[in-house]
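Reading through the structure tokens given below for one structure.
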Amino acid sequence: MQWQFWIIQTLNSVAFGGLLFLLSSGFSLIFGLMRIPNLAHGAFFMLGTYFGYTLLQKGLHFWPAALLGGIGVGLLGIALERFILRKLSGNEQGQVLVTLGVSFIIADICLLVWTGDPMPLAAPQSLRRPLLFAGFAFPTYRLVVLGIALVAAVGLYLLMERTRLGAMIRAGVDDMEMARGVGIPVSRLFTTVFLLGATLAGIGGVLGGPILTAYPGLDADMLPLALIVVILGGAGSLLGAFVGSFVVGFLYNFGIALAPDLAYFVLFFPMVLVLVFLPQGLFGRVQI
Amino acid sequence: MATEALRLEGIDTYYGDSHVLHGLGFTLQAGRLLGLLGRNGAGKTTCMSTIMGFLKPRNGQVALFGEPVAGLMPETIARKGICLVPQGRRVFRSLTVEENLMVAGLPAKNGGGRPWNLDRVFELFPRLKERHAQVAGSLSGGEQQMLAIGRALMGNPRVLLMDEPSEGLAPQIVTEVGRTIAQLKAEGLSIVLVEQNIKLTLNLADDIVIINTGRVAFSGRADEVQIDSPIVAQHLGVF
Ligand SMILES: Nc1ncnc2c1ncn2[C@@H]1O[C@H](COP(=O)(O)OP(=O)(O)OP(=O)(O)O)[C@@H](O)[C@H]1O
Ligand SMILES: [Mg+2]
């Protein structure tokens, strides 16, 4: 019984960490490159969950629904960057406020379209039965979510570290003005990271559906977690987002399980410490 | 007739309300090296930033081989062929040497000589080749300066701007950088060299422009200027 608790909580933590990575990796890249937190990122995630719900209702299989939901949110991300943020380039405060406004608008539209009732998403049929191993029952779906997050992490790593595009993004994070000075087309980079970040958040939203269910306020629950991840890990650092996601996954799950009254303390206290003593985060180079 | 590679005319540049360049103008002839001298705070870097498009001049014109470029975005200006070796080197610290060069690669413009690419930069700076996989932030100052020069060359410049490439380097490395600049000039590249090192500049330059508090105080041929000339003492001397 004791063992089962620890093992299951650990597994829940890493699965949740995987979801957080899908959410916060893009959030971190956007933050590092454009120097603004995209406060609509939580809403992107929630919208993904609702998209997934509707696509499943329409009879789509789970995986195509996840992909399609992600692409839908990704297109929205492009629209936000191209048609709104670009008009405000150079005005970072204005940009942040706009992303906040957009997040409220998305939340309102979700309420209108999907009502205020929580809507559970069904996990794929084949993954609903627990995996029995060494006398323990493991939630299969969560293991698969973790696996997908790891695959995404490897893919992002290869993109960022092994391609010219990735090097250009990192150059922009290092020194935006000089990046432009050597001819790097930064506006295309902005669109790319927004597409990437929003798509990943959307896919994360669909994948998170069976674990979290779709409900109004999911956006506001997820956004602070992404913020903590990025502050811990450092804006613009993929490794930081990866480590930060799992740290927060553990703090969140074990905080709620062991000390529910202190869950927010457990979560935000490390963030405050890092902000005060290590303002660039564990792996970041950008001062927040 | 000589072609004008770069021409500045009546440039006024501000930082907010602070007026730094006052009607600045000079001309760089194609294939020549113009030494731009001035005391600390004279406005040399501001001038480079204005040419590069980091700062937009409120008045005035910048022309690259006759084509107006003032007010364009830096990435556009770079693609038209103005490349900068910035003050303080500003290499992309978390990128490897090779990545620093790769991200700055731009196609050669028509009419240039042998185009610049990774191999050719490594040929010029064998040290960079040895360290190609090293993260730029961990290079020595001299190596970072070579990388900053190599990175600018990767853009296949028609005009190369160099902002104090000898700053903070050991004398032996300064000599090496000076040799590199002489080599680039010999290849026919048009260069603006900003320096505090007057001797180095007088050795390399065809033309000299001295600026003082954002205005051109002297403009002439390098052989009109000696290190002990009164103009040098007046505008560059340390009192
Ligand atoms: N970002 C800035 N904001 C406001 N003023 C600035 C800024 N950068 C430079 N200045 C001011 O503009 C003037 C010119 O500075 P600039 O850096 O162009 O001088 P410089 O000739 O390059 O000097 P140095 O030889 O020390 O590099 C100085 O008075 C400086 O204080
Ligand atoms: Mg300067």
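What is the Cα coordinate range of region A:110-264 on the first, second and third principal axes, sorted by size from largest, in whole angstrom?
Principal extents (largest minus smallest coordinate, Cα): 57, 45, 35 Å.
Can you return the lysines within cross-link range of B:Lys199? Criterion is Cα-Cα under 20 Å, with same-chain partners fewer than 8 residues away left out.
Filter leaves B:Lys44, B:Lys185.
Which value, in Å² and to the nearest 10, is the accessible area of B:Asp119 when all protein chains are kept and the probe is 1.4 Å?
For B:Asp119, the solvent-accessible surface is approximately 110 Å².
Based on the alpha carbons, how large is the Rg to Rh ratio for the protein assembly as shown when Rh follows Kirkwood? Write out the running numbers ahead of the final one.
Working: Rg = 27.8 Å, Rh = 25.6 Å.
We get a ratio of 1.08 for the protein assembly as shown.
List the residues of region B:144-175 for which accessible area in the full set of protein chains is at least 10 Å² lower than for the chain on its own; 1.4 Å probe, protein heavy atoms only.
In region B:144-175, residues shielded by partner chains: B:Arg151.
List the extent of the Cα atoms of region A:2-114 along each of their three principal axes, largest first, rounded to whole Å.
If we take the Cα atoms of region A:2-114, the spans are 54, 34, 22 Å.
If you roll a 1.4 Å probe over the protein assembly as shown with all protein chains in place, what percent of the accessible area is carbon or sulfur?
Working: 13990 of 22670 Å².
C and S fraction of accessible area: 62 percent.
What ranking, highest mean first, results for peptides A:259-269, A:150-160 when packing means the other Cβ atoms within 10 Å averaged over each residue? Working shown, then result.
Working: A:259-269: 12.9, A:150-160: 14.9.
Answer by packing, highest mean first, reads A:150-160, A:259-269.
In Å² (nearest 100), what accessible area is buried between A and B, both sides summed, heavy protein atoms only, 1.4 Å probe? Before the final figure, lay out each step's value.
Values: alone 13510 and 10960 Å², together 22670 Å².
Summed over both sides, the interface buries about 1800 Å².
Buried by at least 50 Å² relative to the chain on its own: which residues of region A:161-196 qualify, computing accessible area with a 1.4 Å probe on protein heavy atoms?
For region A:161-196, once contacts with the other chains are taken into account, A:Arg164, A:Arg170, A:Asp174, A:Glu177, A:Met178, A:Arg180, A:Gly181, A:Val182, A:Gly183 lose 50 Å² or more.
Between A:Phe138 and B:Ala108, how many nm apart are label points set 7 Å from Cα along the C-beta direction?
5.7
Testing the spin-label approximation: label points 7 Å from Cα along Cα→Cβ at B:Arg221 and A:Leu275. State their distance in nm.
A separation of 6.5 nm, rounded to one decimal place.
With only alpha-carbon atoms in the gyration tensor, what are the semi-axes of the equivalent ellipsoid for region B:4-236, in Å, largest first? Please list the in-between numbers first.
On the way: eigenvalues 144, 83, 57 Å².
Working from the Cα gyration tensor, I get semi-axes of 27, 20, 17 Å.
When Cβ neighbours within 10 Å are restricted to other protein chains, what is their mean count per residue of peptide B:70-77? Please list the in-between numbers first.
Numbers: counts 0, 0, 0, 4, 10, 10, 3, 3.
Per residue, the average neighbour count from other chains is 4.
Sorted from largest down, what three extents in whole angstroms do the Cα atoms of region A:206-284 have along their principal axes?
That works out to 35, 28, 18 Å along the principal axes.
What FRET efficiency comes out for A:Leu150 versus B:Thr76 if R0 is 56 angstrom and r is the Cβ-Cβ distance? Round to the nearest 0.05. Intermediate values should be presented prior to the final figure.
On the way: r = 40 Å, r/R0 = 0.72.
For R0 = 56 Å, the calculated efficiency reads 0.85.
From the gyration tensor of the Cα coordinates in region A:2-277, what semi-axes in whole Å does the equivalent ellipsoid have, largest first, with each one equal to sqrt(5λ)?
Semi-axes from the Cα gyration tensor: 30, 22, 18 Å.
Which FRET efficiency value, to the nearest 0.05, do you get for A:Lys58 and A:Asp108 by plugging their Cβ-Cβ distance into 1/(1 + (r/R0)^6) with R0 = 22 Å? Mind dumping the intermediate values first?
On the way: r = 23 Å, r/R0 = 1.06.
For A:Lys58 and A:Asp108, the calculated efficiency is 0.40.
Please give, to one decimal in nm, the separation of the simple spin-label points placed at A:Arg162 and B:Gln134, each 7 Å out from Cα toward the Cβ.
2.6
Restricting to chain B, compute how many DSSP beta bridges are antiparallel as a %, nearest 5. Spell out each step's value before the answer.
Details: 22 of 40 bridges.
Beta bridges within chain B, antiparallel portion: roughly 55 percent.
Putting +1 on Lys and Arg Cβ atoms and -1 on Asp and Glu Cβ atoms, find which of A:Gly249, A:Gly209, A:Leu165 reaches farthest to the positive end of the dipole of region A:146-288.
A:Leu165
For region B:1-85, what is the Kirkwood hydrodynamic radius in Å, using each pair of distinct C-alpha atoms?
Here the Kirkwood hydrodynamic radius works out to 13.1 Å.
Output the peptides B:213-224, B:136-147 sorted from most to least packed, where packing is the average of other Cβ atoms within 10 Å over each peptide's residues. Mind showing how you got there, number by number?
Values: B:213-224: 15.1, B:136-147: 19.9.
Listed from highest to lowest mean packing, they are B:136-147, B:213-224.
Determine, for each peptide in A:201-212, B:79-90, the mean count of other beta carbons within 10 angstrom over its residues, then list the peptides with the highest first. Mind showing how you got there, number by number?
On the way: A:201-212: 27.6, B:79-90: 22.8.
Averaged packing, sorted descending, gives the order A:201-212, B:79-90.
Per residue, how much accessible area does the protein assembly as shown show when a 1.4 Å probe rolls over the protein heavy atoms, in square angstrom?
Working: 22670 Å² over 527 residues.
Accessible surface, normalised per residue, equals 43 Å².
Per residue of B:89-96, count partner chain C-beta atoms within 10 Å of its C-beta, then hand back the mean as an integer. List each step's numbers first, then the result.
Working: counts 1, 7, 4, 12, 5, 9, 7, 2.
Mean number of neighbouring Cβ atoms from other chains: 6.
Not counting ligands, DNA or RNA, and with a 1.4 Å probe, what is A:Ile109's accessible surface area in Å² rounded to the nearest 10?
Approximately 90 Å² for this residue.
For the Cα atoms of chain A, what angle does the longest principal axis make with the long axis of helix A:164-174, in degrees from 0 to 90, nearest 10?
70
The values are calculated or read from the model by the stated rules, or taken from the named source; none is laboratory data. Keep in mind it's a predicted model, so treat the numbers as computed, not measured. Please note: Cβ atoms are built from the backbone with ideal geometry, for glycine as well, and neighbour counts cover all protein chains shown. Please note that ligands, DNA and RNA were not included when accessible areas were found on the heavy atoms of the full protein model with its side chains. Shrake-Rupley method; radii C 1.70, N 1.55, O 1.52, S 1.80 Å.
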